[in-house]
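First comes the structure, then the notes that go with it.
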Amino acid sequence: MSMFTMDIREWEQAYREQARDAAARFFEELKNGKILGYKCKACGRVYVPPVPLCACGSRNFEEFYSEGEGVIETFTICFERVSGYPDPPFVLALIRLDNSEIAFPHVVTGVDLSDINKALSVLRVGARVRALLKSERKGSMLDFKGFKLV
Ligand SMILES: [Zn+2]
């Protein structure tokens, strides 16, 4: 599964369509405040969020809960107002949780963007982040408040 959109809602829609039951499980657990992953029993590959079919061809997974830590794979600073996103400027990134084969777009929070050069000294590819979950969750990617640099 490769999905390159940086729009969180577009990504979620494509993910739900492609991952179906695995996506439903992920969002069910996310609503409970847990970040579900799948580990392939055949080859050991890890997927957070889970997918129904491993790159090795297996559909045999064991479930586990991710600690919600990972890295920024790529990022962009958005200066335009986008409905549903934080007030600009804000940071949008592709987040890859630890060991996961797949990445997903989300907001990086807690970065002072008043001085972009200063922000770019802490925002970098490979920077570690940790998931922040909202206290009220509905079972969607927007249950993540964002990802905070650690
Ligand atoms: Zn596999």
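At-a-glance table
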{"quantity": "Shape category assigned to segment 1-59 from the gyration tensor of Cα positions, a/c cut at 1.5", "calculated": "oblate"}
{"quantity": "Entries in 39/148; 34/134; 39/138; 34/145; 34/148; 31/145 that, when Cα-Cα distance is taken, lie over 23 Å", "calculated": "39/148; 39/138"}
{"quantity": "Between helix 8-19 and the chain: long-axis angle, C-alpha atoms, 0 to 90°, nearest 10", "calculated": "10"}
{"quantity": "Partnerless cysteines, meaning none of the other Cys C-beta atoms lie under 4.7 Å away, in the chain", "calculated": "78"}
{"quantity": "In segment 85-137, trypsin sites (Lys or Arg not before Pro) in a DSSP loop with at most 11 other beta-carbon atoms within 10 Å", "calculated": "124"}
{"quantity": "Between helix 21-31 and the chain: long-axis angle, C-alpha atoms, 0 to 90°, nearest 10", "calculated": "50"}
{"quantity": "Using θ = phi - 60° and Karplus 6.51 cos²θ - 1.76 cosθ + 1.60, couplings along segment 141-150 (whole Hz; Gly, Pro as x)", "calculated": "4, 7, 5, 7, 5, x, 10, 9, 4, 10"}
{"quantity": "Restricting segment 74-137 to chymotrypsin sites (Phe, Trp or Tyr not before Pro) in coil, as DSSP defines it, with at most 10 other Cβ within 10 Å", "calculated": "79"}
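Read-outs: derived from the displayed coordinates by stated rules, not from any lab. In this text, all values refer to a predicted model and were calculated from it rather than measured experimentally. Backbone-built Cβ (ideal geometry, glycine too); neighbour counts: all protein chains shown.
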